[in-house]
1. Quickly run through the stretch 63-72 and pick out the residues that are free of Cβ contacts under 8 Å to residues at least 24 places away in the same chain and closer than 21 Å to His205 by Cβ.
2. Filter the stretch 29-46 down to residues that are closer than 13 Å to Phe119 by Cα and open to solvent by less than 40 Å² (accessible area, probe 1.4 Å), then give me how many there are.
3. Would you please list the contacts, defined by Cβ atoms under 7 Å and residues six or more apart or on different chains, that run from a residue in the stretch 34-56 that is within 20 Å of His205 (Cβ to Cβ) to a residue that is of a type in the set (Gly, Ala, Ser)?
4. So, of the residues in the stretch 57-76 that are over 23 Å from Phe119 (Cβ atoms) and outside any helix (DSSP H, G or I), which turns out to be most open to solvent (accessible area, probe 1.4 Å)?
5. Arg208: modelled with pLDDT under 95 and touching a Lys or Arg at 6+ places or on another chain (Cβ under 7 Å), yes or no?
6. Among the candidates Phe54, Phe7, which residue alone is surrounded by 15 or more Cβ atoms within 10 Å (Cβ to Cβ), modelled with pLDDT under 85 and assigned to a helix (DSSP H, G or I)?
7. Here are Arg112, Arg107, Arg101: which of them is touching a Pro at 6+ places or on another chain (Cβ under 7 Å) and either assigned to a helix (DSSP H, G or I) or at pLDDT 90 or above (or both)?
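The values are calculated or read from the model by the stated rules, or taken from the named source; none is laboratory data. Since we're looking at a predicted model, the values are computed, not measured. Cβ coordinates were reconstructed from backbone atoms using ideal geometry, including for glycine residues, and neighbour counts include every protein chain displayed. These area figures cover heavy atoms from the full protein model, side chains too; ligands, DNA and RNA do not enter into them. Shrake-Rupley method; radii C 1.70, N 1.55, O 1.52, S 1.80 Å.
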Amino acid sequence: MGGFSEFWSQSDGVGRAVALILLLMSVSAWVVIFWKSWTLRRTRQGMAQAVPAFWAATDLASGRAALEAFDEEAVLLPLLDAATAAAQTGTLEGAGKRESRLTRRLRDALHRVLARLQFGQVLLASIGSVSPFVGLFGTVWGIYHALVSISAGGNITIEKISGPVGEALIMTAAGLAVAIPAVLAYNIFGKQVGDCEAELEGFAHDLREMLDQDRPAE
């Protein structure tokens, strides 16, 4: 049995297309895995340093400088910018209460930051759930193609069937090989993003409380 090379040489366009799709899924998943591992590590390390440095600062200017120094992925700075932005006069936002404006701006900024941190999760989930079925389809199609070729040659024996069928089963293994890293990475990244979300929500809450107390009533 020649393995995947033998399967490739004996397969038709559909089987090869399935193999290429699995290859594309695998490459995409690993690119996302390496990229998110790097960005989430920087995000967590940055927040662990930036948040204490911000609260240890003497004023907002010094606190912003501390965030700029440690917040390399810019997940905390958008919250501070949203909280300290001036309201535009003559708008519905400017006519609202100060507390409501502050809450809305922090919420919107938090959602944008979380959307950036969650980028790629949908792709990993999709690859993890779809690739086994793509591999299974490749196996079924490979077996069908092999049986058609064998029957056309006549004199069907178990030896002639076992080789092509075994080579077609490689597609199922390939689908699982693509899915397993994607699913594991999705779960790990989901936990890490959840930890970051809790930290960001706590920072936004504390920031709102501080600014709400410091500003004079309007």
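1. Our first condition is that a residue be free of Cβ contacts under 8 Å to residues at least 24 places away in the same chain; within the stretch 63-72, this holds for 63-69.
Hits for the stretch 63-72 are Gly63, Arg64, Ala66, Leu67.
2. Here the count works out to 6.
3. Hits for this filter: Ala50/Ala66; Ala53/Ala66; Phe54/Gly63; Phe54/Ala66.
4. From the stretch 57-76, those over 23 Å from Phe119 (Cβ atoms) are 57-66, 69; that's our starting set.
Checking which are outside any helix (DSSP H, G or I) leaves us with 57-59.
Values: Ala57: 31, Thr58: 126, Asp59: 82 Å².
Among those that are over 23 Å from Phe119 (Cβ atoms) and outside any helix (DSSP H, G or I), it is Thr58.
5. no
6. Exactly one of Phe54, Phe7 is surrounded by 15 or more Cβ atoms within 10 Å (Cβ to Cβ), modelled with pLDDT under 85 and assigned to a helix (DSSP H, G or I), namely Phe7.
7. Every option except Arg112 fails the conditions.
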